[in-house]
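Notes follow the structure.
The values are calculated or read from the model by the stated rules, or taken from the named source; none is laboratory data. This is a predicted model, so every value here is computed, not measured. Here the Cβ is made from the backbone with ideal geometry for all residues, glycine too, and neighbour counts use every protein chain on show.
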Amino acid sequence: MSPVPRFDTLTLTQAQRAAFLGRVRPQVSPEDYRWIEGMSHALPELLALIEQPPMTLNKLRHLLFGPKTETTDRVCPAAPAGTQGSSAPKRRRPGHGRTRARAYTGARWIEVPHPSLQAGQRCHHCQQGTLRAQKSPALALRIVGTPPISATGYVMARLRCDTCGQVFTAPTPPEAGTQKYDPSVGVTVALLRYGCGMPHYRLARLQQSLGVPLPESTQWELMQPLFAQTQPVWEELIAQAANAPVIHHDDTPMRILDLRRPGSATAAQVDPQRKGTFTSNLLAEVDAHPVALYFTGWQHAGENLAAVLRQRAAGLEAPIQMCDALSRNVSPKAHTVVAQAKELQLNPEQRLFHHQTHSQPVMQRLQSWMQEQLDDRLVEPNSGLGQAMTYLLKHWEPLTLFLRQPGAPLDNNACERALKRAILHRKNSLSYKTLQGAQTGDRFMSLIHTCRLNRVNPLDYLLALATHADAVKLIPRAWLPWNYPKAPSQADTS
């Protein structure tokens with residue numbers, strides 16, 4: 001077998017290429033000559049591209065053929081308007097584009113009057129009209145960066161008499177306060193830890209590098225008073241959620257190191273059959289306000305739901321329980337109607353009628369078709385598709401509750417999104433050290449996420465609870481995130 005010729009034996013100098021093309025041109029057609037000329041010029045350029053370090057196949061493909069431009073819309077264009085199956089034009093996804101200035105509700109807005117003009121004055125431009133105040137003023141934003149925790153030091157002058165030795169010290173200004181740490185420090189630490197997933201040691205390193213040290217132990221000590229002050233609101237949220245008509249819930253694994261140590265006092269109280277620990281999320285709606293509750297421990301989501309429902313008012317109908325089909329999500333101690341699974345802005349009764357009219361025939365055909373596929377062995381039962389069909393048929397009654405009961409949801413996506421808060425904590429901190437630490441995380445995570453769901457500033461809310469602890473203890477219901485008394489500066493920007 002003869003060796004494959006190398007590229008360098010096929011390359012030509014510019015003079016050799018010109019002589020070669022001169023010999024070939026009279027012997028071929030103009031069309032063929034154009035192809036031969038193009039290839040004779042392309043080969044040196046291809047070799048030069050290959051020699052560029054570093055070169056990969058993807059990079060070479062990009063250089064030769066350009067970037068891929070095939071998109072779904074190009075390959076499969078939408079059907080013309082008015083044809084069967086055509087869909088409405090795509091709407092722009094929310095949350096994209098520039099952020100409006102009015103969205104900065106946490107900014108400190110300063111009113112700036114016009115330096116020389118006032119409403120009611122005659123217009124100096126036309127000398128005929130009268131100036132009127134506009135409802136939409138001009139806006140300008142100035143955003144600055146600061147450490148998460150900042151500090152201000154006050155240096156009071158001291159004078160000493162050189163005769164009698166008396167020392168005179170300047171008085172401490174009122175803004176210095178009476179305590180070293182303002183209540184907002186503990187609130188900020190809790191937000192960073194349980195709202196953003198920043199571990200204590202990472203915040204400590206950041207603060208140390210920025211010149212405002214805040215050790216891990218100090219962070220924990222600052223959060224503990226706030227944890228105790230939020231107890232009344234936490235209990236009220238649980239009591240309110242227990243009476244909700246629909247409760248979503250699910251759980252995710254979470255480590256608690258103290259429960260994994262055989263010699264610890266907490267581990268001795270756990271059933272030896274228990275092998276795992278979890279963070280459960282219960283998502284309920286209280287008077288059109290979503291409430292997110294987190295519980296971490298050895299209890300499963302179904303057991304945590306049963307504990308919450310013990311506070312359900314007598315005489316209420318069983319709530320709709322929205323979860324997946326895992327056995328640990330259902331407890332025999334919780335009397336619920338299980339729905340395992342958007343809406344046209346309809347009330348529950350209208351939505352039920354809509355589903356019974358449009359969805360029920362489709363679901364019945366789907367059920368018959370799946371059963372036929374399995375009975376006639378058209379689908380392998382142990383395949384992925386077969387297992388999915390078996391799962392649907394096995395749980396058909398709870399999955400189709402939305403066809404029989406008003407208010408039954410179609411999916412559990414809201415709870416899955418809420419569990420991301422716990423997963424974020426697990427990714428950054430890996431575990432809780434003690435059961436008390438887990439309970440602390442549960443409470444702050446519940447309050448922070450409930451504030452976010454209700455579009456309430458969690459920093460302002462937790463700070464309000466910290467500074468009005470006595471009032472919170474007296475009437476917890478008045479201090480729920482959606483109706484707590486706001487300071488004038490907060491109310492203006494909300």
Determine which single condition Thr450 fails, assuming it passes every other condition in (1) assigned to a helix (DSSP H, G or I); (2) of a type in the set (Ser, Thr, Tyr); (3) more than 19 Å from the chain's Cα centre (by Cα). (3)
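Is it the case that segment 141-148 has a residue that's surrounded by 10 or more Cβ atoms within 10 Å (Cβ to Cβ) and out of contact with any helix residue (DSSP H, G or I) (no Cβ under 9 Å at 6 or more places or on another chain)? Break it down into steps so the answer makes sense when it comes.
Quick first cut of segment 141-148, residues surrounded by 10 or more Cβ atoms within 10 Å (Cβ to Cβ) only: 147-148.
Now narrow it down to the ones that are out of contact with any helix residue (DSSP H, G or I) (no Cβ under 9 Å at 6 or more places or on another chain): none.
No, there is no match, as no residue in segment 141-148 is surrounded by 10 or more Cβ atoms within 10 Å (Cβ to Cβ) and out of contact with any helix residue (DSSP H, G or I) (no Cβ under 9 Å at 6 or more places or on another chain).
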Mind checking whether some residue in segment 183-195 is under 24 Å from the mean Cα position of the chain (by Cα), part of a loop (DSSP other than H, G, I, E, B) and closer than 29 Å to Leu465 by Cα? yes
Among the numbered conditions (1) assigned to a loop (DSSP other than H, G, I, E, B); (2) exposed (fewer than 10 other Cβ atoms within 10 Å of the Cβ), tell me where Phe168 comes up short. (1)
Enumerate the pairs (first residue in segment 102-113 and of a type in the set (Val, Ile, Thr) and in a loop (DSSP other than H, G, I, E, B); second residue anywhere and surrounded by 10 or more Cβ atoms within 10 Å (Cβ to Cβ) and modelled with pLDDT of 85 or more) with beta-carbon separation below 8 Å, excluding pairs fewer than 6 apart on the same chain, so at least 6 apart or on different chains. Thr105/Asn457
Only one of (1) part of a helix (DSSP H, G or I); (2) farther than 30 Å from Glu216 by Cβ; (3) under 20 Å from the mean Cα position of the chain (by Cα) does not apply to Arg455, and that is (1)
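Pick out the one residue from Asp460, Asp442 that is acidic (Asp, Glu) and closer than 16 Å to Trp234 by Cβ. Even if it seems obvious, please write down each step before you answer.
On the way: Asp460 fails: closer than 16 Å to Trp234 by Cβ.
Step by step, each of Asp460, Asp442 is checked, and only Asp442 is acidic (Asp, Glu) and closer than 16 Å to Trp234 by Cβ.
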Within segment 420-449, restricting attention to residues that are in contact with a Pro (Cβ under 8 Å, 6 or more places away or on another chain) and within 28 Å of Asn483 (Cα to Cα), which residue is surrounded by the most Cβ atoms within 10 Å (Cβ to Cβ)? Leu447
Residues in segment 77-133 that are at pLDDT below 65 and within 30 Å of Val456 (Cα to Cα): how many? 1
Restricting to segment 208-229, count the residues that are assigned to a loop (DSSP other than H, G, I, E, B) and either closer than 18 Å to Tyr432 by Cβ or aromatic (Phe, Trp, Tyr) (or both). 0
Of all residues in segment 426-445, which are assigned to a helix (DSSP H, G or I), among the hydroxyl-bearing types (Ser, Thr, Tyr) and within 11 Å of Thr296 (Cβ to Cβ)? Thr440
When you check Ile423 against the structure, is it over 19 Å from Ile238 (Cα atoms), part of a helix (DSSP H, G or I) and either β-branched (Val, Ile, Thr) or at pLDDT 95 or above (or both), yes or no? yes
What's the number of the only condition in (1) farther than 17 Å from Ala414 by Cβ; (2) modelled with pLDDT under 70; (3) in contact with a helix residue (DSSP H, G or I) (Cβ under 9 Å, 6 or more places away or on another chain) that Gln269 fails to meet? (3)
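Name the residue, out of Thr152, Thr169, that is in contact with a Lys or Arg (Cβ under 7 Å, 6 or more places away or on another chain) and either within 27 Å of Gly211 (Cβ to Cβ) or modelled with pLDDT of 90 or more (or both). Steps first, please.
Values: Thr152 fails: in contact with a Lys or Arg (Cβ under 7 Å, 6 or more places away or on another chain).
Among Thr152, Thr169, only Thr169 is in contact with a Lys or Arg (Cβ under 7 Å, 6 or more places away or on another chain) and either within 27 Å of Gly211 (Cβ to Cβ) or modelled with pLDDT of 90 or more (or both).
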Could you check Asn243 against (1) within 30 Å of Leu480 (Cα to Cα); (2) modelled with pLDDT of 90 or more; (3) buried (at least 21 other Cβ atoms within 10 Å of the Cβ) and say which number it fails? (3)
Yes or no: segment 401-413 includes at least one residue that is of a type in the set (Phe, Trp, Tyr), part of a helix (DSSP H, G or I) and within 27 Å of Pro148 (Cα to Cα). no
Hey, any hits in segment 401-416 for a residue that's more than 30 Å from Leu352 (Cα to Cα), under 27 Å from the mean Cα position of the chain (by Cα) and among the small types (Gly, Ala, Ser)? no
